[in-house]
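Nothing in this text is a laboratory measurement; each read-out follows from the coordinates by a stated rule. As the structure is a prediction and not an experimental result, all values here were calculated from the model. Using ideal geometry, Cβ is built from the backbone for each residue, glycine included, and neighbour counts are taken over all protein chains shown.
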Amino acid sequence: MSRYAEPMARLIEELKKLPGVGTKSAQRFAFHILRSTDDDASALAEAVRGLKASLRLCSICNNVTDVDPCAYCASPMRNQRIVCVVEEPTSIAAIERTRGQQGGYQGVYHVLHGTLSPLHGVGPDQLRTGTLLSRVERGEIDEVILATSPTLEGEATATWLATALRRPQVKVTRIATGVPAGSDIEYADEVTMARAMEGRREL
């Protein structure tokens, strides 16, 4: 039996499902919400409902967006023939910070929403690659930049994609080692990320 009243115990259990949130953190969050005003609690609940109701995946690149196609895919200011492949939408922000740097990225994106991980049952069929492969087949892309994180899973995903995307007319490159091995793309600073993009190599 839980030592908390049922509504509190239920909230704690739901909060524990968030990444990086353990039991203690979930309890702190739950009691903070309990102590907050009714207006603050309602605003939080409404923000969560609005997130689920308003956001969707871009039909072209799979980025999270409230309009379709997303702002990147619809922009006439971006090079639509260069596509940077990332694991998660959070990685886009790190790459976007390079736009003010020399060699900064000016193309568009494709989001996989994961990496290959046989131990966790994630194979090629579980990655969102369909629209990317179709665009390559139709000759709409000149270069694909593989910007998966330099982890074992990220490298395996990049190797598999390099093979799947290989066409005579398509250049497939991998970001350089400016991003430390074993780290996540989303935590790279703009200078490191710009150097990684500028020093990308062909696969």
Can you say what percent of the DSSP beta bridges in the chain, counting only those with both residues inside, are antiparallel? Round to 5.
30 percent
Across THR115, THR159, THR37, the residue with the highest GNM fluctuation in the chain (Cα network, 10 Å cutoff) is THR37
Which order do peptides 122-134, 43-55 fall in by mean Cβ count within 10 Å, highest first?
122-134, 43-55
Ratio to report: Rg/Rh of the chain, with Cα atoms as the point set and Rh obtained by the Kirkwood method; give two decimals.
1.06
About the Cα centre of the chain, what is the dipole size in debye to 20, counting +1 per Lys and Arg Cβ and -1 per Asp and Glu Cβ, all else neutral?
260 debye
Under the Kirkwood approximation applied to all pairs of distinct alpha-carbon atoms, what is the hydrodynamic radius of the stretch 6-54 in Å?
11.4 Å
Fewest to most neighbouring Cβ within 10 Å: what's the order for ILE175, ILE141, ILE33, ILE12?
ILE33, ILE12, ILE141, ILE175
The chain: relative contact order from alpha carbon pairs under 8 Å, six or more residues apart, as a whole percent, is 17 percent
